[in-house]
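Just below is one structure, and these are the notes that go with it.
The values are calculated or read from the model by the stated rules, or taken from the named source; none is laboratory data. Not measured: the values here are computed from a predicted model. Note that we place each Cβ from the backbone using ideal geometry, even for glycine, and neighbour counts take in every protein chain shown.
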Amino acid sequence: MSVVVVGDANVDLELRLPGDTAPRVHANPDPRLFGGGSAANTAAALGRLGVPCRFVGSVGDDVYGRFAVSSLAEAGVDTDHVQVSAESPTVTVIAVTRQSGDRIIYVWPPSGGAHGELTPQVAIDAIVGASWLHVSGICLRVAPARDAVLAAMERARAASVPVSFDLNLRLENWGWDSEFRTAVEHAMARCDVMFGGAFDEISALAGVDDPVAAAEQLSGAGRLVIARRGVEGAIACSGGRVLAAPGFAVAVTDTIGAGDAFNAGFIAARVGGGDVASGLAWGNAVAALTITRPGARSTPTAAEAAHLVTGGGNDGRPLAGEGC
């Protein structure tokens, strides 16, 4: 059992704003540096859950790139397939977080980051021996990383390896363009499971306000579509059937990386032999425990997640049809 994750790795620089009760004097917030990147976060969470995982991506030949790789290795992730670029820098995601846990995200540099330089052959070679492939849409905006992601997906499908795809559209940052939309459509055609935020991604992609109807619309050709709904949990749609699993009530500290954590929980359950309902419950549990702690890499162990799942009565339940 080995999961391959292909996509972006960067660092997250988090600045937490003081609450209303803080003294009205000038004070610099205490910044904290974490490993980041949507795909890398999922890989690290899988490592923390005890799932054998290797990460495939590209970082800059700089201190942030070395930090990004070392933080993955510390989580138990195989980083032998990480490329290092001498030309482009590792991206820094600056997250300004309010006391409520909500945040505003800034990306530097906004273009030209090292994650875009992943080459297809490296990604294809990493598929050997994989039992699951997970990719992120972040790398679909730029070549050659776009070609690497699609080539890895195609190779995995040819080898009957299940493929999951996290949309990561980030339309609020970069919007749509025809080339990106075409790449997303190609990735959809090559995946077995597609993850996305219920409103900002699933509904936006389908052009339908209701996320359940949107997920049903996007779930053709045997594709399972999972719409993450935050505190409300998640829904899974496939073949005209809809399954829902409620979220867990937790005290929110930091919502960064919640979707990435959900992906890891779902994948861990599935490669471990669980069904879709189990995957939803584990996804919700891993995401819930992650947001109670600072940083996207503050994901739980398998024992912690299992305790929440078994104690929370959070099994998936059908909304329509027979379930997935």
**OP:** Name the residue, out of T299, T292, that is polar (S, T, N, Q) and either buried (at least 23 other Cβ atoms within 10 Å of the Cβ) or in contact (Cβ under 8 Å) with a residue 60 or more places away in the chain (or both).
**Re:** T299
Subject >> Candidates P120, P109, filtered to the one that is in contact with a Pro (Cβ under 7 Å, 6 or more places away or on another chain), over 19 Å from A44 (Cα atoms) and modelled with pLDDT under 95 >> reply: P109
Original post:
Do the conditions hold for T255, that is, is it out of contact with any Asp or Glu (no Cβ under 6 Å at 6 or more places or on another chain) and in a loop (DSSP other than H, G, I, E, B)?
Top reply: yes
**OP:** Any chance you could count how many residues in the stretch 218-232 are touching a Leu at 6+ places or on another chain (Cβ under 9 Å) and surrounded by fewer than 24 Cβ atoms within 10 Å (Cβ to Cβ)?
**Re:** 1
Subject >> Failed criterion for S203 (all others in (1) under 21 Å from D147 (Cα atoms); (2) within 19 Å of the chain's Cα centre (by Cα); (3) of a type in the set (S, T, Y) hold) >> reply: (1)
**OP:** Among the candidates T255, T310, single out the residue that is at pLDDT below 95, polar (S, T, N, Q) and either farther than 26 Å from F55 by Cα or touching a Leu at 6+ places or on another chain (Cβ under 8 Å) (or both).
**Re:** T310
Subject >> Qualifying residue in the stretch 265-276 (condition: crowded, with 18+ Cβ neighbours inside 10 Å, more than 27 Å from A296 (Cβ to Cβ) and aliphatic (A, V, I, L, M)) >> reply: no
Subject >> Total residues in the stretch 80-111, condition of a type outside the set (G, A, S), over 20 Å from A148 (Cβ atoms) and surrounded by 15 or more Cβ atoms within 10 Å (Cβ to Cβ) >> reply: 7
Subject >> Filtered residues of the stretch 231-249 (kept if more than 19 Å from the chain's Cα centre (by Cα) and assigned to a strand (DSSP E or B)) >> reply: S238, R241, V242, L243, A244
**OP:** Enumerate the pairs (first residue in the stretch 201-230 and assigned to a helix (DSSP H, G or I); second residue anywhere and among the basic types (K, R)) with beta-carbon separation below 6 Å, excluding pairs fewer than 6 apart on the same chain, so at least 6 apart or on different chains.
**Re:** none
Original post:
Going through the stretch 114-148 one residue at a time, which ones are out of contact with any Leu (no Cβ under 6 Å at 6 or more places or on another chain), aliphatic (A, V, I, L, M) and within 22 Å of E179 (Cα to Cα)?
Top reply: A114, L118, A123, V135, I138, L140, V142, A143
Subject >> Index of the failed condition, G207 passing every other in (1) surrounded by fewer than 22 Cβ atoms within 10 Å (Cβ to Cβ); (2) in contact with a Lys or Arg (Cβ under 7 Å, 6 or more places away or on another chain); (3) of a type outside the set (D, E, K, R) >> reply: (2)
Original post:
From S71, S85, which residue is farther than 16 Å from A44 by Cα, modelled with pLDDT of 95 or more and touching a helix residue (DSSP H, G or I) at 6+ places or on another chain (Cβ under 8 Å)?
Top reply: S85
